[in-house]
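Bear in mind that the values in this text are calculations on the coordinates, not laboratory data. Just so it is clear, the model here is predicted, and its values are computed rather than measured. Every residue, glycine as well, gets a Cβ built from its backbone with ideal geometry; the counts of neighbours run over all protein chains shown.
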Amino acid sequence: MAVGIDKTFYKPLRAHGVKPIVLVIGSLGVTLILQGLIRLFSGTGGQSLYVDDRKEIFRLALPFEGARAPIVVTEPQIYLFVITIVAVVALHLFLNRSRLGKAMRAMSDNPELAQASGINTNTIVAVTWIIAGALAAIAGTLLSLDVTFKPDLSFFLLLPIFAAAIVGGVGHPYGAIAGGFVVGFAETLAVFNWNVLLRPFRDSLPAWLELPSNLAFVGTEYKIVVPFFILIAILVWRPTGLFKGKVI
């Protein structure tokens with residue numbers, strides 16, 4: 001399916017020599033098309049893979065005085081973490097140890113020079129799409145184990161993913177990983193109630209200073225705005241990203 005999408009939508013654009021930003025905008029249209037097809041054949045309601053069996057939940061107590069709510073980790077989240085580590089290591093070894101991976105890196109740095117040196121760029125593009133499609137399928141399957149699967153789920157994931165790629169550096173595979181951690185931690189810290197950490201010091205505060213019940217920067221329903229701020233900050237102060245990728 002990934003190779004078919006490339007040949008149908010992206011290959012004609014590359015043949016016309018469009019800029020990378022045009023491909024990015026075109027990908028938004030492809031996303032809307034896929035969402036429409038999912039709504040057409042599967043409906044608009046949410047579906048959960050856990051119908052009869054309940055997913056196991058682990059609760060870890062916080063080592064802070066006054067912390068009431070524990071850290072909740074579900075079984076699918078553990079699977080997601082472990083498989084992500086395995087996929088990252090496998091991708092790292094593939095890009096650095098195999099001839100095909102080195103050819104992909106060469107084409108990413110300079111497509112014209114890679115083609116002039118004898119690299120079959122069409123094969124590299126096809127393999128890249130196969131790997132990207134496989135990783136997307138794994139990520140989507142694991143994510144659907146933990147959350148309710150909806151047709152518009154990709155809309156809420158698209159902005160953090162795009163922000164992670166920009167933060168890490170466009171065209172830099174390891175930068176995307178680092179950018180994902182930056183965006184993920186920023187979202188988590190933005191909705192975290194910092195009152196939990198300040199409760200042990202509540203008695204030592206002045207009488208006129210009373211801690212509010214919620215010290216989160218933004219509400220949970222507004223955490224989608226965090227990638228917006230990160231994206232704007234990176235584009236203004238460091239357009240190449242943390243790992244100096246391509247400027248967009």
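Per-residue ellipticity at 222 nm from helix content only, as computed over the chain with -39500 (n - 2.57) for each DSSP H run of at least four residues, stands at -19000 deg cm²/dmol. Here the chain is treated with +1 on each Lys and Arg Cβ and -1 on each Asp and Glu Cβ, and its dipole about the Cα centre works out to around 780 debye. Using equal-weight Cα scatterers in the Debye expression, the normalised intensity of the chain in log10 at q = 0.13, 0.14, 0.16 Å⁻¹ is -1.03, -1.16, -1.43. Treating r as the C-beta distance of Phe201 and Gln35 and R0 as 45 Å, the FRET efficiency rounds to 0.40.
Based on alpha carbons, the Rg and Dmax found for the range 175-237 are 15.4, 47 Å.
Which of Ser144, Ile83, Gly101 sits farthest toward the positive end of the charge dipole of the range 56-150, with +1 on the Cβ of Lys and Arg and -1 on the Cβ of Asp and Glu? Going by the charge dipole, the pick is Gly101.
Look at the Cα gyration tensor of the range 102-248: its axes a ≥ b ≥ c give a/c of at least 1.5 with a/b over b/c, and that counts as prolate. Helices assigned as whole DSSP H runs in the chain whose Cα atoms extend at least 27 Å along their own long axis and whose mean Kyte-Doolittle hydropathy is 0.0 or higher are found at 20-42, 75-97, 121-146, 173-191. Scanning residues 5 or more positions from Thr74 or on other chains, those with amide H under 5 Å from its amide H are Phe58, with H placed 1.01 Å from N in the peptide plane.
Its convex hull of Cα atoms gives the range 1-44 a direction-averaged projected area, equal to a quarter of the hull surface, of 3.3 nm². Can you compute the FRET efficiency between Ala134 and Arg59 using 1/(1 + (r/R0)^6), with r the Cβ-Cβ distance and R0 = 35 Å? Round to the nearest 0.05. Approximately 0.55, to the nearest 0.05.
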